[in-house]
1. Give the residue, chosen from THR286, THR316, that is closer than 18 Å to GLY257 by Cβ, touching a residue at least 24 places away in the same chain (Cβ under 8 Å), crowded, with 24+ Cβ neighbours inside 10 Å and hydroxyl-bearing (Ser, Thr, Tyr).
2. Of all residues in region 234-280, how many are part of a helix (DSSP H, G or I), over 21 Å from THR157 (Cβ atoms) and hydrophobic (A, V, I, L, M, F, W, C)?
3. Just to check your reading of the model, which residue among PHE192, PHE197, PHE227 is of a type in the set (Phe, Trp, Tyr), at negative phi and either within 17 Å of the chain's Cα centre (by Cα) or part of a strand (DSSP E or B) (or both)?
4. Could you identify the single residue in LEU343, LEU297, LEU359, LEU273 that is farther than 30 Å from THR193 by Cβ and surrounded by 18 or more Cβ atoms within 10 Å (Cβ to Cβ)?
5. For region 307-324, which positions are within 15 Å of ALA15 (Cβ to Cβ) and not in a loop (DSSP other than H, G, I, E, B)?
6. Out of the residues in region 30-76 that are part of a helix (DSSP H, G or I) and out of contact with any helix residue (DSSP H, G or I) (no Cβ under 9 Å at 6 or more places or on another chain), which is surrounded by the most Cβ atoms within 10 Å (Cβ to Cβ)?
7. Quick check: anything in region 94-101 closer than 24 Å to GLY185 by Cα and free of Cβ contacts under 8 Å to residues at least 60 places away in the same chain?
8. Looking at region 300-315 only, could you name the residues that are touching a strand residue (DSSP E or B) at 6+ places or on another chain (Cβ under 7 Å) and more than 20 Å from ASN386 (Cβ to Cβ)?
Amino acid sequence: MSPSVYLNDMGIVCALGNSKETVRARLFGSAPCGVAENHQLMPGQVLHLGIAPEPLASLDDLPATQHSRNNRLLLTALAQIRPAVAAAITRHGRDRVAVVLGTSTSGIGDSETAIAGFLTTGQLPPSFHLSSQEMGSPAVMLSEHLDIGGPALVISTACSSSAKALASAARLLKTGLADAVITGGMDALCAFTIAGFSALESVSAERCQPLSRNRRGINIGEGGALFLMTREADGIRLAGWGETSDGHHISAPRPDGAGAEAAMKQALARAGLTSADIDYLNLHGTATRQNDAMESLAVSRLFPAGVPVSSTKPLTGHALGGAGALEAALCWLALQDNPDGLLPPHWWDGEQDPDLPCLQTVSAGQRLGRPLRHAMSNSFAFGGSNACLILGQP
């Protein structure tokens with residue numbers, strides 16, 4: 001039997017805050033927060049966006065070629081797990097520590113700023129370098145910054161990116177190619193993604209309403225999480241994962257949810273669990289018409305007896321390539337130091353869409369009355385890339 005893998009420590013940054021303590025308090029709070037009205041990012045448009053609050057980490061220790069907001073967010077998350085990472089490097093050696101991340105925007109937002117400057121002055125800012133927007137930039141940055149020599153790679157499969165990064169990190173450990181992996185993912189907010197989703201008529205100007213009959217689309221957000229993953233039985237276990245590919249459409253999900261359901265079934269099988277063992281499901285829950293419809297179908301089939309569900313995107317926004325890691329981190333918080341089993345609430349208007357199966361949405365303050373055993377998190381992406389993670393007690 002291959003060894004289990006564990007998420008020994010976690011660092012998080014998103015619209016809810018830039019520390020575990022702040023995010024935990026706001027995640028389980030009595031009113032929605034995080035996502036807020038914004039007038040600045042898209043001139044002439046008022047949108048609800050999930051923007052990570054200051055202070056963020058400084059880029060002063062990085063070369064100019066690695067200066068990007070995405071890397072600032074990563075360093076902010078890294079600072080929270082830096083002692084655990086340093087100890088792992090000491091235990092295992094620098095060449096046995098790997099980096100596996102997910103992103104979809106990398107430094108594109110910084111390229112937007114640089115191009116705007118060029119159009120005004122005729123020159124790119126001296127600090128700008130095109131390599132900062134390369135998809136591999138985050139992994140290169142962390143590997144060089146920490147002076148480690150294990151494999152360093154980035155997975156970019158849109159909104160499933162960082163969930164798939166955790167699965168890939170687990171495979172590195174299980175095959176013995178690394179002894180510790182810094183894994184997760186991050187995306188920084190940029191006009192490019194907002195304009196793209198707006199062109200698909202998938203962006204809501206108001207706080208998003210997953211599962212509601214009144215849902216009008218997503219709120220774009222930024223952020224993500226970093227984990228230290230090892231085979232050492234300390235922290236939360238990555239019990240299972242599933243990955244499928246629909247190949248149905250370039251942007252629309254397969255309507256019957258078959259690929260999403262298959263990913264969830266894979267994760268359960270890998271974890272040696274049944275649907276009855278899952279205490280909480282973090283939905284992909286984008287509040288778009290098609291995603292919520294297909295995900296509701298898949299969940300209702302797999303959980304005929306029901307399961308508490310919520311989408312946390314009304315709090316964080318949709319962090320795109322960072323969403324899988326971010327929402328796994330929220331599950332990590334729900335599994336850690338939570339004796340009463342308080343569950344992440346589902347913030348919406350409560351108006352069930354009659355065309356969707358009725359799911360057991362979590363209300364504010366709802367709890368199991370005992371610690372959670374297992375939590376599932378879904379991430380579904382353009383092109384039919386589906387990923388599902390199961391986190392559990394050690």
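Values quoted throughout were computed directly from the atomic coordinates according to the rules given, and no laboratory measurement underlies them. Bear in mind the structure is a predicted one, so any value in this text is a computation, not a measurement. Cβ atoms come from the backbone with ideal geometry, glycine included; neighbour counts cover every protein chain shown.
1. Sole residue among the options that is closer than 18 Å to GLY257 by Cβ, touching a residue at least 24 places away in the same chain (Cβ under 8 Å), crowded, with 24+ Cβ neighbours inside 10 Å and hydroxyl-bearing (Ser, Thr, Tyr): THR286.
2. Counting residues in region 234-280 that are part of a helix (DSSP H, G or I), over 21 Å from THR157 (Cβ atoms) and hydrophobic (A, V, I, L, M, F, W, C) gives 4.
3. Only one candidate qualifies: PHE227.
4. Result: LEU273 is the single residue among LEU343, LEU297, LEU359, LEU273 that is farther than 30 Å from THR193 by Cβ and surrounded by 18 or more Cβ atoms within 10 Å (Cβ to Cβ).
5. Selection gives LYS313, PRO314, LEU315, THR316, HIS318, LEU320, GLY322, ALA323.
6. Per the stated criteria, the residue is THR76.
7. The answer is yes; a qualifying residue exists.
8. Within region 300-315, GLY306, PRO308 qualify.
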